[in-house]
Amino acid sequence: MENIKNENAPEYIVDVDNVTVRFNKANQKVDNLKEYFVRLIRRQLMFQEFIALKDVNLKIKKGEAWAIIGTNGSGKSTLLKVISRILKPYKGKVTVNGSIASLIELGAGIDPRLTARENIYLNGCILGYTKQYIDERFDAIVEFSELEDFLDSPVQNFSSGMKSRLGFSVATMVEPDVLIVDEVLSVGDVLFRKKCMNRMNEMLSRGTTLLFVSHNMATVKSMCDKAIWLNKGEVVMSGDMEEVCNEYTATIEAKKAKEKEEKLKKEKALDMQAKALKSKRAKK
Amino acid sequence: MSVKPKEYKEGSFLEVFRYKDLLVQLVKRDIKLKYRRSFLGYVWSILNPLLIMIIMAIVFSFLFKREITLFPIYLLAGRSMFEFINTAVTKSLSAITDNASLLKKTYVSKFMFPLAKITSSMVDFVFSMGALVVVMIVFSVAEGRVLFSLQNLGIIIVVTEAYIFALGLGFLMAQLHVFFRDIRYIYNAVSTMVLYCSAIFYDVGMFFEKAKDQVAAGSAPLALYLANFIEYLNPFYIYIKQFRYFIWTPGLETIPQWAVVTPVDFLLGFGYAILMFVIGVFFFRRAQNKFILYI
């Protein structure tokens, strides 16, 4: 793992090549045989295409920190899912030359009925590590999560902050080549959030590649040096963080201003109408 | 030290070897959760089949005129084997859908979840064999002779066959359940049908005798067709028959013809197991990339 670099090391660590992701957004999901046959006979088995990502290209070099920005529903999460192999692209290809740790949702594999200790092993194994590997890091994980006193109590008794501490500690126990973070840091107390930030920065300084999704421009600016801007599944702009962010903020603000203007216009029209009605009544 | 010992092709069944420690964790979880918080714990998993066996033994010994020697052992052996495959498949039906939130967040070999369910069912099955041991001890005392023999160890072969078969059927059902949630009801209906066709509380010998009568009366030996159907086309019965051969027949003084297991039975048993496994893996593999859109 440590010496992944050899003579023919690939140029990009993450290579998203012309990726298109397609969903079926038929109004009703057919998930049982009865419905399936009824619709088959009535010829109502439609496929309503929805393109979540369209011809997206993203080439990331080792050690870069990328931010993915865009409004809700622009395909940010879909892009992360494609990169972390959860979703298969409909067209195009995704190549990742290295290990990935994704913090898309902390504690996805946490079973509330098990104890913290059992969950550390279960979660680590879900991420693909061997038991021996977790054994070696067990103490470090516990120390980072600050859960020493609760190791043998079931996780269902934990607070949500404790749960996310557990999740974060397990997910970052290893130094992955690529770290994917999707707005998970909004949980936990301020101190732990800072601790997580430091851990991520530490990883970055040691050459981990970062992919970061956040609505918080300040965090993005402090963590990333490159950015890709998505809108309705298409890449609007990608490249230097400063440029993309400025453009994005400008557009968003312009949009907001426009919306505000329209709102004002509508309000004015309504006011006029009210006035007209009032004067009508007064005449009567 | 390397984290990933060996690279397997993504989505292939062989990928489960990369996650072998996960299998241990998942099976441990199922076992722990099953036995941890119930007061009677392990006792329950023995008591349950024992009680059902006692009820069935009483009812069916009144119902049938023919007598099967050591009927409680016969019954319990057959039922435990059937229950093993049946629970394994029932549990793996929802293996993928139950882990939806996890599969939406991380990449794991999807084979792991049915595999873990079926493996923990096998462990449960091995645990519940304590009930068989109890019944065999009781009958050893009652009969005044030891009913245990070295031949009992042969069950390892049968359990292997049944495990492979259950894996195949489990993979097939797990992937179907993602797309058609009502497959569960269809499976339940079919499995009840299979239960009655698996000679659990009667014996296939009955049909052979009936067939003789039918031939003597000059009519078509329909009972023989039925017996052949059960013997050759019902994998559940093939495993039950073999299981009894290693558990029940060693305690008999005279072994009836229909209970004797021949190499053909083993061939059929492994044949069905491997065929089912290949079919299950094939369909599961083909469908797995679409799971995310339906869970």
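The values are calculated or read from the model by the stated rules, or taken from the named source; none is laboratory data. Remember, it's a predicted structure, so these values are computed and weren't measured experimentally. Cβ placement follows ideal geometry from the backbone for every residue including glycine, while neighbour counts extend to all protein chains displayed.
The table below gives the values:
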quantity: Test: residue in segment A:20-33 that is touching a strand residue (DSSP E or B) at 6+ places or on another chain (Cβ under 7 Å), surrounded by fewer than 18 Cβ atoms within 10 Å (Cβ to Cβ) and at pLDDT 90 or above; calculated: yes
quantity: Selection count where residues are under 30 Å from A:THR208 (Cβ atoms) and within 14 Å of another protein chain (Cβ to nearest Cβ), scope segment A:15-48; calculated: 1
quantity: Residues of segment B:86-140 classified as in a helix (DSSP H, G or I) and basic (Lys, Arg), total; calculated: 2
quantity: The one condition in (1) free of Cβ contacts under 8 Å to residues at least 24 places away in the same chain; (2) out of contact with any helix residue (DSSP H, G or I) (no Cβ under 8 Å at 6 or more places or on another chain); (3) β-branched (Val, Ile, Thr) that A:ILE126 fails to fulfil; calculated: (2)
quantity: Exclusive hit being touching a Phe, Trp or Tyr at 6+ places or on another chain (Cβ under 9 Å) and free of Cβ contacts under 8 Å to residues at least 40 places away in the same chain, set A:ASN216, A:ASN157; calculated: A:ASN157
quantity: Residue match in segment A:157-173 (condition: facing chain B (nearest Cβ under 9 Å), more than 26 Å from the chain's Cα centre (by Cα) and not basic (Lys, Arg)); calculated: no
quantity: Members of segment A:49-101 found to be among the hydroxyl-bearing types (Ser, Thr, Tyr), part of a loop (DSSP other than H, G, I, E, B) and within 14 Å of another protein chain (Cβ to nearest Cβ), listed by number; calculated: A:SER84, A:TYR90, A:SER99
quantity: Selection count where residues are out of contact with any helix residue (DSSP H, G or I) (no Cβ under 7 Å at 6 or more places or on another chain) and surrounded by 16 or more Cβ atoms within 10 Å (Cβ to Cβ), scope segment B:160-195; calculated: 1
quantity: Pick from segment B:253-293, criterion part of a loop (DSSP other than H, G, I, E, B) and among the polar types (S, T, N, Q), ranking: farthest from B:GLY11 (Cα to Cα); calculated: B:THR254
quantity: Subset of segment B:147-177 (residues that are aliphatic (A, V, I, L, M) and within 18 Å of B:TYR245 (Cβ to Cβ)); calculated: B:LEU147, B:LEU150, B:LEU153, B:ILE155, B:ILE156, B:ILE157, B:VAL158, B:VAL159, B:ALA162
quantity: Candidate set: segment A:1-19, residues that are part of a loop (DSSP other than H, G, I, E, B) and modelled with pLDDT of 85 or more; chosen: the one surrounded by the fewest Cβ atoms within 10 Å (Cβ to Cβ); calculated: A:TYR12
quantity: All positions within segment B:267-282 that are surrounded by fewer than 17 Cβ atoms within 10 Å (Cβ to Cβ) and in contact (Cβ under 8 Å) with a residue 40 or more places away in the chain; calculated: B:PHE270, B:ILE274, B:LEU275, B:VAL278, B:ILE279
quantity: Test: residue in segment B:84-94 that is within 14 Å of chain A (Cβ to nearest Cβ), farther than 22 Å from B:VAL159 by Cα and not aromatic (Phe, Trp, Tyr); calculated: yes
quantity: Positions within segment B:1-39 being at the interface with chain A (Cβ under 9 Å from one of its Cβ atoms), at pLDDT 80 or above and in contact with a Phe, Trp or Tyr (Cβ under 8 Å, 6 or more places away or on another chain), in sequence order; calculated: B:ARG18, B:ASP21, B:GLN25, B:LEU26
quantity: Residue list for segment A:102-150, restricted to those being part of a helix (DSSP H, G or I), aromatic (Phe, Trp, Tyr) and facing chain B (nearest Cβ under 10 Å); calculated: A:TYR121, A:TYR133
quantity: Failed condition for A:VAL235, given (1) more than 30 Å from A:ARG165 (Cβ to Cβ); (2) in a helix (DSSP H, G or I); (3) β-branched (Val, Ile, Thr); calculated: (2)
quantity: Lone unmet requirement of (1) surrounded by 12 or more Cβ atoms within 10 Å (Cβ to Cβ); (2) away from every other protein chain (no Cβ under 14 Å); (3) at pLDDT below 80 for B:TRP44; calculated: (3)
quantity: Sole residue being of a type in the set (D, E, K, R) and at pLDDT below 90, chosen from B:GLU253, B:GLU231; calculated: B:GLU253
quantity: Helices (runs of 4 or more DSSP H) wholly inside segment A:159-232 that include at least 1 residues being acidic (Asp, Glu), exposed (fewer than 14 other Cβ atoms within 10 Å of the Cβ) and out of contact with any strand residue (DSSP E or B) (no Cβ under 8 Å at 6 or more places or on another chain); calculated: A:190-205
quantity: Cross-chain or 6+ apart pairs with Cβ under 7 Å, segment B:96-115 first and at the interface with chain A (Cβ under 7 Å from one of its Cβ atoms), then of a type in the set (Gly, Ala, Ser) and in a loop (DSSP other than H, G, I, E, B); calculated: B:SER101/A:ALA108; B:LEU102/A:ALA108; B:LEU102/A:GLY109; B:LYS105/A:ALA108; B:THR106/A:ALA108; B:THR106/A:GLY109; B:TYR107/A:SER84
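Residue-by-condition table, conditions (1) in a helix (DSSP H, G or I); (2) within 14 Å of chain A (Cβ to nearest Cβ); (3) in contact (Cβ under 8 Å) with a residue 24 or more places away in the chain; (4) at negative phi:
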{"site": "B:GLN151", "(1), (2), (3), (4)": "yes, no, yes, yes"}
{"site": "B:ILE155", "(1), (2), (3), (4)": "yes, no, yes, yes"}
{"site": "B:ILE164", "(1), (2), (3), (4)": "yes, no, yes, yes"}
{"site": "B:ALA189", "(1), (2), (3), (4)": "yes, yes, no, yes"}
{"site": "B:TYR202", "(1), (2), (3), (4)": "no, no, yes, yes"}
{"site": "B:ASP213", "(1), (2), (3), (4)": "yes, no, no, yes"}
{"site": "B:SER219", "(1), (2), (3), (4)": "no, no, no, yes"}
